Amino acid sequence: MIDKLRPGLVDWKKYSNKLNSRIHIVQNCNYVVDICKDKLNAKLIGIGGVDIVDGRTTLVLGLVWQLCKLYWEERVGVINEEKLVAWAN
């Protein structure tokens with residue numbers, strides 16, 4: 001999804017396709033969080049790859065919300081949070 005949002009941002013050499021190993025899955029998810037924080041400037045607090053793998057709903061939804069917000073800001077400019085919530089609902 002991040003690669004669709006901003007093509008070329010993901011360094012696929014850092015991705016591990018060994019998806020039968022929890023360690024590799026967590027590493028992939030940590031990479032996602034790092035990209036969101038460092039390159040997309042998403043405001044993520046207290047989330048790591050383990051949270052995504054373990055399905056911590058609140059934290060995962062926070063990440064998804066930030067990606068939705070970035071998506072809409074790139075298409076229509078800075079958007080009022082109220083309008084974004086109305087769109088999401």
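Every read-out reported here was derived from the displayed coordinates using simple, explicitly stated rules and does not represent laboratory data. Treat the numbers as computed from the prediction; the structure is a model and nothing was measured. As a convention, Cβ positions derive from the backbone with ideal geometry for all residues, glycine included, and neighbour counts pool all protein chains shown.
Highest mobility in the GNM of the chain, judged by mean-square fluctuation with C-alpha springs under 10 Å and restricted to R22, R56, R75, is found for R75. Percent of Cα pairs in the chain per distance bin of 10 Å, from zero to the largest separation: 15, 45, 31, 8, 0.
Quick check: residue separation of E82 and R6 times 0.36 nm, minus the Cα distance between them. What number comes out in nm?
This chain segment gains 24.9 nm when fully extended.
When the chain is treated as a GNM with alpha-carbon contacts under 10 Å, the residue of V53, V78, V33 showing the greatest mean-square fluctuation is V78. Largest GNM mean-square fluctuation across G77, G62, G49, computed for the chain with C-alpha springs under 10 Å, falls on G77.
Using only alpha carbon pairs under 8 Å that are at least six residues apart, calculate the relative contact order of the range 8-89 and give it in whole percent.
Details: 55 pairs, mean separation 15.9, N = 82.
Once normalised by length, the contact order is 19 percent.
Restrict the search to the chain; then list the chymotrypsin sites (Phe, Trp or Tyr not before Pro) that DSSP places in a loop and that have at most 14 other Cβ atoms within 10 Å of their Cβ. Kindly include the intermediate steps, with their values, before the conclusion.
On the way: sites: W12, Y15, Y31, W65, Y71, W72, W87; in loops: Y15.
Here the sparse-neighbourhood loop sites are Y15.
Among the helices of the chain (complete DSSP H runs), which have Cα atoms covering no less than 20 Å along the helix axis and a Kyte-Doolittle mean of at least -1.0?
Membrane-span-like by this criterion, though nothing is claimed about a membrane: 22-38, 57-76.
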